[in-house]
Amino acid sequence: NDAVARRAELVAMLESYAVHNRLIKKLREARPVVAKRLWNTVLTAVSTYFSTIRGCASTVTRSNTGFLIDGKPVAAFSGSTKDALGLAIRVTLQKTFLGSMDFMLADEIASAADPVRESAMLGMLATCGFGQVVLVTHSDIADSFATNIIRI
């Protein structure tokens, strides 16, 4: 009788494992679909921020080798364009994955940018909805966007 009862317990456990294994299989099958949708959402937001900085519509996508801007590898672009893309990516990732964080710390966001591009980057950053942004920079242009300035 004990063996029969133990067998029934083990059969029930195996059935439970089978249910869990089917669930895990479905989750694994859904993962690429969810990842693709998430990447599409992130890249749409990156494209929006990046277009705001550049002043023209731009589409940011990714390939197996990295990000693309309007279908061209990022390596083909200037340093200021790479800075702008980096800022757009940082803002998007923070807003997507740390949405409740109302604070951003950025270091030398426009180190390779000319004054026009730097102003566009700072303008986008000022309007993207953070309650507080701390910039670490050597730039005097950032002063015009600042509420408080600490010089070291």
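When 43, 27, 23 are screened for being farther than 23 Å from residue 111 by Cα, aliphatic (A, V, I, L, M) and at pLDDT 95 or above, only 43 passes.
Do we have residue 90 as open to solvent by 30 Å² or more (accessible area, probe 1.4 Å), farther than 18 Å from residue 40 by Cα, modelled with pLDDT of 90 or more and outside any loop (DSSP other than H, G, I, E, B) here? Quick ask: steps written out before the conclusion?
Numbers: open to solvent by 30 Å² or more (accessible area, probe 1.4 Å): yes; farther than 18 Å from residue 40 by Cα: no; modelled with pLDDT of 90 or more: yes; outside any loop (DSSP other than H, G, I, E, B): yes.
In short, no.
Residue under question is residue 54, and the condition is that it be touching a residue at least 40 places away in the same chain (Cβ under 8 Å), out of contact with any Gly (no Cβ under 9 Å at 6 or more places or on another chain) and among the charged types (D, E, K, R); does it hold? Full working, then the answer.
Numbers: touching a residue at least 40 places away in the same chain (Cβ under 8 Å): yes; out of contact with any Gly (no Cβ under 9 Å at 6 or more places or on another chain): yes; among the charged types (D, E, K, R): yes.
The answer is yes for residue 54.
Taking the stretch 30-62 as the range and being over 16 Å from the mean Cα position of the chain (by Cα) and not hydrophobic (A, V, I, L, M, F, W, C) as the test, the residues that pass are 31, 32, 52, 54, 55, 58.
Taking the options 144, 100, 119, name whichever one is open to solvent by 90 Å² or more (accessible area, probe 1.4 Å) and part of a helix (DSSP H, G or I). Break it down stepwise before answering.
Working: 100 fails: part of a helix (DSSP H, G or I); 119 fails: open to solvent by 90 Å² or more (accessible area, probe 1.4 Å).
None of the other options fit; the residue is 144.
Among residues of the stretch 103-116 being over 19 Å from the mean Cα position of the chain (by Cα) and assigned to a loop (DSSP other than H, G, I, E, B), the one that is surrounded by the most Cβ atoms within 10 Å (Cβ to Cβ) is 113. Restricting the stretch 122-141 to residues that are polar (S, T, N, Q) and surrounded by 11 or more Cβ atoms within 10 Å (Cβ to Cβ), the residue that is nearest to residue 42 (Cα to Cα) is 137.
Can residue 62 be described as open to solvent by less than 80 Å² (accessible area, probe 1.4 Å) and of a type in the set (D, E, K, R)? No, not satisfied.
The values are calculated or read from the model by the stated rules, or taken from the named source; none is laboratory data. Nothing here was measured: the structure is a model prediction, and the numbers come from that model. A quick note on method: Cβ atoms are made from the backbone with ideal geometry, for glycine too, and the neighbour counts reach across all protein chains shown. The area values use the complete protein model at the heavy-atom level, side chains included, leaving out ligands, DNA and RNA. Shrake-Rupley method; radii C 1.70, N 1.55, O 1.52, S 1.80 Å.
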